[in-house]
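J.: I am attaching a structure below and will ask some questions about it afterwards.
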Amino acid sequence: MSEQLGITVKKSENFSEWYNQVVLKSELADYAAIKGFMVIRPLGYAVWENIMKAFDGMIKKLGHKNTYFPSLIPEKFLHKEAEHFKGFVPEAFIVTHSGNNKLEERLVVRPTSETIMYDSYARWIRSWRDLPLLLNQWNNVLRAEIKATKLFLRTSEFLWQEGHTVHATKEEADKEVITILELYKKIAEEYLAIPVIAGRKSEMEKFAGALYTTAIEALMPDGRALQAGTSHNLGQNFAKAFDIKFLDKDGQNKYAWQTSWGISTRLIGGMIMTHSDDKGLVLPPKIAPTHAVVIPIKFNEEEKVLKEAMSIKTKLEDANLNVELDDRNEYTPGWKFNEWELKGVPVRIEIGPKDLKKKEVVLVRRDTSQKTSVKISKLVKEVESLLNDIQKNLYKKVKKFLEDETRIAKNYQEFKEVIVAGGFVKAGFCGSRQCEEKIKNDTTATSRVIPFKKEPVKCIICNKDGEMTYFAKAY
């Protein structure tokens, strides 16, 4: 493998450059011709499709249905909810012309869909019989990114799902918020093998216009936190702004309660940072587009080896595994090994003339590079078992890292000392903007989540009553 194709920096020495090389050289994504935008290449999109498939199935079982709303939103809609407007207008793309003709009304390219959807909701909802309304859409959103572009993590356009539900009571909305957050946790931990901390956001960190925000937060290898999914109770703020009322069973007109929630292609960035290594991408089997690659080592038994390699591919595919057969003659086996390692395929299957005589293959796992000889007759079960073990091992490894890199600070001086090392720092926090802004100004750290299980403590800044809260420097 040429030096240009492989990763040329170590993860431990230059994390940012290493990350960029993994994304680009594994062909997950590329920079677009427009500053701040990215191109998601087939491998990256296939990973996103697997995330979509998993989560889409989960929410459909709960009665949610997919929909689609316009990507252009009248600017006046954003003005209807003051906090929402303040939060999103600074990063909005504005359309002012159609060709050479100036538009009568300025349009905002979708930064999020609350306003365009809720205008319709106000017309659709009339009585309690219309509730709950459980809609979701898979789309793109655009938010002007004025800082440095970071593929999958910080771009002006990204893909996501955004759920928008309407309920008769706060209790129903509360339940929806937590139900979805638990699904996000399941996607992160069971599919992406990324352990997360769940809780609610502080007033300073909550979604613009929400009553409250809940989130899952992951810890990246460089010690910074990554917000991996959010679920918001919007209260009645948008219902009042857009006049979403319903006639209740008691004959009274009432404002509805609403939620919104989303995960995005940012999850792919988190997965890359969490699991990948100096050889390239490492994909958890549950979301890997290709589970295994068969590489025939032909030598002087080319026809027999290739025939068996094709048979192996068929057997594994019959077991619902996604398998590639790399029979290219123009590359050496060693070059192919390196290329497929770079692309993160969980299992490599090697078969040559000697293996053929012994009716065996060599299995190589991507996460540890461990090699095992396996009888072809037992191959399907062995590969399935190996994929399951890889998935568990990736999670176990990161779980230990999360535990090791979570510290407790008993006072502000201690907080300032331990936050320098990175990782999560648990500390008492009263929840006020004033105290959080001081922490942010002094250390660049912010509150990430306040755990649902309350742990009363004194705030490390003002000494008022507070709760144990997770802080970190974040993406």
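J.: Just checking, which of G87, G44, G63 is under 30 Å from L134 (Cβ atoms), in the same structural domain as Q161 (by TED's automatic domain parsing), of a type outside the set (A, V, I, L, M, F, W, C) and buried (at least 20 other Cβ atoms within 10 Å of the Cβ)?
T.: Of G87, G44, G63, the one residue that is under 30 Å from L134 (Cβ atoms), in the same structural domain as Q161 (by TED's automatic domain parsing), of a type outside the set (A, V, I, L, M, F, W, C) and buried (at least 20 other Cβ atoms within 10 Å of the Cβ) is G44.
J.: Can you name the number of the only condition in (1) surrounded by fewer than 18 Cβ atoms within 10 Å (Cβ to Cβ); (2) of a type outside the set (G, A, S); (3) under 23 Å from E83 (Cα atoms) that E172 fails?
T.: In the conditions (1) surrounded by fewer than 18 Cβ atoms within 10 Å (Cβ to Cβ); (2) of a type outside the set (G, A, S); (3) under 23 Å from E83 (Cα atoms), E172 misses (3) alone.
J.: When you scan segment 184-215, how many residues do you find that are in contact (Cβ under 8 Å) with a residue 60 or more places away in the chain, at negative phi and within 13 Å of the chain's Cα centre (by Cα)?
T.: The qualifying residues number 11.
J.: Right, P195: under 16 Å from P451 (Cα atoms) and not assigned by TED's automatic domain parsing to the domain that holds S447 or not?
T.: Criteria met by P195.
J.: Among the residues of segment 270-288, write down those that are surrounded by fewer than 22 Cβ atoms within 10 Å (Cβ to Cβ) and either of a type in the set (V, I, T) or within 20 Å of the chain's Cα centre (by Cα) (or both).
T.: D277, K286, listed by residue number.
J.: Which of (1) in the same structural domain as K53 (by TED's automatic domain parsing); (2) within 30 Å of V425 (Cα to Cα) is the odd one out, the single condition F242 does not satisfy?
T.: (2)
J.: Within segment 147-167, can you find the residues that are in contact (Cβ under 8 Å) with a residue 24 or more places away in the chain, over 24 Å from L43 (Cα atoms) and not hydroxyl-bearing (S, T, Y)?
T.: Passing the criteria: G163, H164, V166, H167.
J.: Given L267, L247, L325, L321, which one is of a type in the set (A, V, I, L, M), modelled with pLDDT of 95 or more and surrounded by fewer than 16 Cβ atoms within 10 Å (Cβ to Cβ)?
T.: Going through L267, L247, L325, L321 in turn, just one is of a type in the set (A, V, I, L, M), modelled with pLDDT of 95 or more and surrounded by fewer than 16 Cβ atoms within 10 Å (Cβ to Cβ): L247.
J.: Next up: Specify the residue that is surrounded by the fewest Cβ atoms within 10 Å (Cβ to Cβ); the eligible residues are those in segment 1-31 that are over 21 Å from the mean Cα position of the chain (by Cα) and modelled with pLDDT of 95 or more.
T.: E13
The values are calculated or read from the model by the stated rules, or taken from the named source; none is laboratory data. Bear in mind the structure is a predicted one, so any value in this text is a computation, not a measurement. When we count neighbours, we look across all protein chains shown, and the Cβ atoms used for this are built from the backbone with ideal geometry, even at glycine.
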